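Here the structure is laid out as C-alpha cells; the discussion comes afterwards.
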Amino acid sequence: MYTVDELNDRLIDLAFSEDIGDGDHTTLCCIPDDAMGRQRLLIKEEGILAGMRIAKEIFHRFDPTMQVEQTMHDGDHVRPGDVPMIVTGKVRSLLQTERLMLNVMQRMSGIATMTHEYVKRLEGTHTRVLDTRKTTPGMRMLEKEAVKIGGGVNHRIGLFDMILLKDNHVDFAGGIKAALDRCAAYQAQHGLHLKVEIECRTFDEIRQVMEHGGADRIMLDNFSVADTRRAVELIGGRFETESSGGITLDTLRQYAECGVDFISVGALTHSVKGLDMSFKAC
C-alpha cells in the first residue's frame, strides 16, 4: 500500500504526463529557456483556501528551483483580490505547472468552501459532517484533505481502514445477524481490530444490531427526520449514529437536531464547484 506522499507523487507525475506529453510546444516555441518571471495566484471568489501544500509540491517536483512566496495558508478565508502566493522561476516552468496547480487548488478550495458551509449549519450541535468514497479517482487523498481543511471529518479513506456493512453486504450475507457474525469471525481470523459500521434501513434492522452488539456505529439509511429522532432515542447512545442518504444543506440542521453523531454527505466531493482563481504574470 502506498503512503500519502507516494500517492501524491504518482498523481502529480500522471497529471504532468497527460498534460505535457512529449512537450509543451506552445511554450517551447516562444519562450527562451533562460527567461525568468513571476506569477501571482489571484483569488476571484470568496471561499476557503485549500491546496497550498500540494501546490508547492507540484512546483518543486517539476522544477526544484522555483521559489514560492506564501502569504496565506490552507484554511484561510479568502476574498476576491487576495494573493495567497507569488511564484518566481523559469517562465517555461511557470507556464507548464500553471494548469495542474490551478486544477488542484480550485477543486480543493471548492470542497473546503462547501464543507465549511455544512459545518457552519451544524454550529451548536454535537453532530459532525463526514465525507464519503464518492471522490474523483486518483484524487481521493487530496479531496479528503480539503474536507478536513473545511472543518469536516474524514469517514474511512478506502475499503481497507474500516468495515462498513452496507445494504448489499447485508443482503448477500443473508441478513444483519449473518453479516455481523461473519464480520466478527473474519476479524478474529485475520487479527484485525477495525471499527465496524452497519447500515440499517428499518427499525427492525436496528433492533437486530442492538441485540447482536457486533457493531460500533449504526448508519440510518434514508430515514426521515421524524424516524431519525425515533431511531436515536431507540439506540439510546449504545452505538454511534450516522445519518445518510439525500441530506442537503437545507435539511442538514433538522437531522443534526435529532441527536445523530455524524451526517455523511457525498456532495462534499462528488458535485462541488471549484473556487474561481487565476495565475497571472506580475
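The values are calculated or read from the model by the stated rules, or taken from the named source; none is laboratory data. Predicted model only: the values in this text are computed from it and were never measured. Neighbour counts are summed over all protein chains in view; Cβ atoms, including those assigned to glycine, are modelled from backbone coordinates with ideal geometry. What goes into the accessible areas is simple: the full protein's heavy atoms, side chains included, and nothing from ligands, DNA or RNA. Shrake-Rupley method; radii C 1.70, N 1.55, O 1.52, S 1.80 Å.
Filter segment 29-87 down to the residues that are in a strand (DSSP E or B) and among the basic types (K, R), then identify the one that is least open to solvent (accessible area, probe 1.4 Å). By that ranking, first place goes to R40. Of a type in the set (G, A, S), loosely packed, with under 15 Cβ neighbours inside 10 Å and at negative phi: does that describe A188? Spelling it out, A188 is indeed of a type in the set (G, A, S), loosely packed, with under 15 Cβ neighbours inside 10 Å and at negative phi.
In segment 229-282, which residue that is assigned to a loop (DSSP other than H, G, I, E, B), under 26 Å from L41 (Cβ atoms) and open to solvent by 20 Å² or more (accessible area, probe 1.4 Å) is modelled with the lowest pLDDT? By that ranking, first place goes to S271. All conditions but one from (1) over 21 Å from L142 (Cβ atoms); (2) β-branched (V, I, T); (3) in contact with an Asp or Glu (Cβ under 9 Å, 6 or more places away or on another chain) apply to V78; the one that does not is (1). The set of residues in segment 201-227 being out of contact with any Cys (no Cβ under 7 Å at 6 or more places or on another chain) and closer than 18 Å to R156 by Cα consists of A215, D216, R217.
Residues in segment 11-28 that are closer than 28 Å to E145 by Cα, open to solvent by 90 Å² or more (accessible area, probe 1.4 Å) and free of Cβ contacts under 8 Å to residues at least 24 places away in the same chain: E18 alone. Taking the conditions (1) under 16 Å from A267 (Cα atoms); (2) free of Cβ contacts under 8 Å to residues at least 40 places away in the same chain; (3) in a helix (DSSP H, G or I) in turn, K177 satisfies each one other than (1).
The residue that is surrounded by the most Cβ atoms within 10 Å (Cβ to Cβ), among those in segment 110-139 that are without any contact (Cβ under 8 Å) to a residue 40 or more places away in the chain and among the charged types (D, E, K, R), is R133. Selection of first residues in segment 68-81 that are at positive phi and of second residues that are part of a loop (DSSP other than H, G, I, E, B) and surrounded by 13 or more Cβ atoms within 10 Å (Cβ to Cβ), restricted to Cβ pairs under 9 Å at least 6 apart or on distinct chains, gives the following pairs, ordered by first then second residue: G75/L49; G75/A50; G75/G150; G75/G151; G81/K44.
Among the residues of segment 198-228, how many are open to solvent by less than 60 Å² (accessible area, probe 1.4 Å), assigned to a loop (DSSP other than H, G, I, E, B) and closer than 21 Å to T132 by Cα? So the count comes out to 3.
Of all residues in segment 88-109, those satisfying the criterion of being of a type in the set (A, V, I, L, M) and surrounded by 21 or more Cβ atoms within 10 Å (Cβ to Cβ) are L94, L100, M101, V104, M105, M108. Please work out if K177 is modelled with pLDDT of 95 or more, under 18 Å from the mean Cα position of the chain (by Cα) and surrounded by 15 or more Cβ atoms within 10 Å (Cβ to Cβ). It is false that K177 is modelled with pLDDT of 95 or more, under 18 Å from the mean Cα position of the chain (by Cα) and surrounded by 15 or more Cβ atoms within 10 Å (Cβ to Cβ). Considering G37, G23, the condition of being on the phi > 0 side of the Ramachandran plot and of a type in the set (G, A, S) is satisfied by G23 alone.
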